[in-house]
Amino acid sequence: MRRPRLWTLREDRSGSGPITEAECTTCLEGSGAADGGRGPAVWCLAHAQATGHTGFRRIRTDFFRASCGSP
């Protein structure tokens, strides 16, 4: 009897790494995606100064890759 192959899920390190975005929880404007967290953080501070909005949602996206190995 043939055994099924085992699949594993690993962090995908072939790309840029995690992507970070920020979104205002008042008006839903966003910073846009960035490879690092500094750009969205600076956007939050500028947005707060310009609008008085103080709540933000940080969105971090990272990636996985599935691979199939031997049983």
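Identify, by number, the condition in (1) over 17 Å from the mean Cα position of the chain (by Cα); (2) of a type in the set (S, T, N, Q); (3) surrounded by fewer than 10 Cβ atoms within 10 Å (Cβ to Cβ) that Thr26 doesn't meet.
With respect to (1) over 17 Å from the mean Cα position of the chain (by Cα); (2) of a type in the set (S, T, N, Q); (3) surrounded by fewer than 10 Cβ atoms within 10 Å (Cβ to Cβ), Thr26 is out only on (3).
Can you tell me which residue among Arg38, Arg13, Arg5 is touching a Cys at 6+ places or on another chain (Cβ under 7 Å), at negative phi and surrounded by fewer than 11 Cβ atoms within 10 Å (Cβ to Cβ)?
Arg5
All of the numbers you see were taken from the coordinates with simple rules; none came from a lab. The shown structure was predicted, so the numbers you read here are calculated from the model rather than taken from an experiment. In this analysis, Cβ positions are derived from the backbone assuming ideal geometry, glycine residues included, and neighbour counts consider all displayed protein chains.
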